[in-house]
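Since every read-out is calculated from the coordinates, none of them should be taken as a lab result. Everything numeric in this text was worked out from a predicted model, so none of it was measured. When we count neighbours, we look across all protein chains shown, and the Cβ atoms used for this are built from the backbone with ideal geometry, even at glycine.
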Amino acid sequence: MPPGPLGQVLLDCAAKGTSGLLRVTGEPGGVIDLADGGITAISTPGAPDPEAILLRSGRVQEAGWSAAFAAAASDGRMGSELVRRELIGAGELEALLRLALADALFALAAGQVDDCQLEQSAADSLLPLQPAAEPGWLLAEAARRIQVLAALPNPIAHDRDRVASVQGAWTPRVGPGDGRAEILALANGRRSARDIAFVLGRGVYAVTLQLARMCDGGLLVIGSSRAAAARPPGPDPASARASADDAASRGGDDASRGGDDAARPPLPRRRRGSTGQGQGGSRSPAARSPAATEPGSTQPRSTQPRSAQPRSAQPGSAQPGSRQPGSRQPAQRQPEKISVLRILRPGSAANRDPGKQTP
Amino acid sequence: MEDALLAEMRALRDRVIGITDTALASRDGLIIRADTADIHPDTLAALAAASLGLAQRMAVEVGKGTLRAAVTRSSGGYVAVYAVGSGALLVVVADVGLDSVRLDREARATVESLEALLARKPSGRTGTQAGRQAAAG
């Protein structure tokens, strides 16, 4: 497999013994630290860096990491400090850094590369690999991974396809320890392999392979896919206004109000006395509404019958389906509590005659 | 038909790698739309309103210009809060791999679109109603 534009640049840098930062623009894009032609670190949104892998996987505890960071990060000794504090072994750290590099270059190479710019600035990675990895080996490994994923019977796009667990996927064969239980718990139709890798602190390639196998096994399905990265032509503010007008024209009663009502800010307002648990309301957990769930999501939907849902009299505020069982309805509102200011204000009604406090 | 506000928020999540959840709320901290999974949207909205208010006050106090975003960075990710006009705010929750440069670029455009949509939004149409329509459609 011939090297792409990124691979060619890296091979050229290796041949010349270049040091510096190679800034890769595209999707996901990233920054590659080069030292004498070798790769010491890669930072990309497409794959977890060593810090994320160590912390999110629980391999290194946050307290230990923070202590090592405070002691050594400013002068670039983070790796040796982690080893000195026996938070991780030197060999394990080197292996982890090498695997993280392979995963990150896979994410870069499998994505879209628009441009590569070499900057002659000093590398400032927190955990550089020493000695540096050879670009040739990393590129060959990235190409192998891309080929393996492409050859799967049902390929999964590691950065686009969002997976959802299948109802009843939790069987006795799927138990703690095989890694599938964690993935099933995270597969809510909103996360791709890349997202799950970041949550678990694992490599994107490994997670993608496991997701593909679980899809083949009927445990997962692809719920949705990320749209293209480029911003769609609309709606810009002007077209958004036009679409809002269209929505208003389809909105029946809402649209027929027109005039002042249409110009009035539609945002919900917090009312005095409505804050806190069980207060009447203007709370609307829109995420629990069907619109807030992705296709294939496993989020439970409200089973409350609509006829039993009270309506709010305040425009744009409480949602009928948003009330907790047992919460008060507007008609049953408790008397508004007299504020401290009102009580303390000289000459206020509460001060003059507390016995005549009215709702 | 999908709700236009939710569509804008989901488009932002599609465009920027690392975004996990978004929410649109009033400056009072009341939720307008939420595209969240494991986060309680009401709590997120209330906290975002408080943090945006504090950050704006801080920006004025230290004289460092107009606030662009109130960002909370933790070991597992980010929360960024953007003002949407004078009456609303956008909350963006992201994992630690967030492409923050792209977020800065894209969030500004999304905020403008949301502001335009809110400016002409019919007042009686609310989140759950829109959700029902989207589900029915």
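With axes computed from alpha carbons, what is the tilt in degrees of helix B:41-62 against the longest principal axis of chain B, rounded to the nearest 10 within 0 to 90?
30 degrees
For the charge dipole of region A:89-188, defined by +1 on Lys and Arg C-beta atoms and -1 on Asp and Glu C-beta atoms about the Cα centroid, which residue among A:LEU118, A:ALA164, A:ALA132 has the Cα displaced farthest towards the positive pole?
A:ALA164
Excluding A:ALA14 itself, what net charge comes from residues whose Cβ is under 12 Å from its Cβ, given Lys and Arg +1 and Asp and Glu -1?
Summing Lys and Arg as +1 and Asp and Glu as -1 gives -2.
When you look at the Cβ of every residue in A:187-200, what mean number of other chain Cβ atoms sits within 10 Å?
The per-residue average across the peptide is 3.
For peptide B:10-20, compute the average count of partner chain beta-carbon atoms within 10 Å of each residue's beta-carbon.
5
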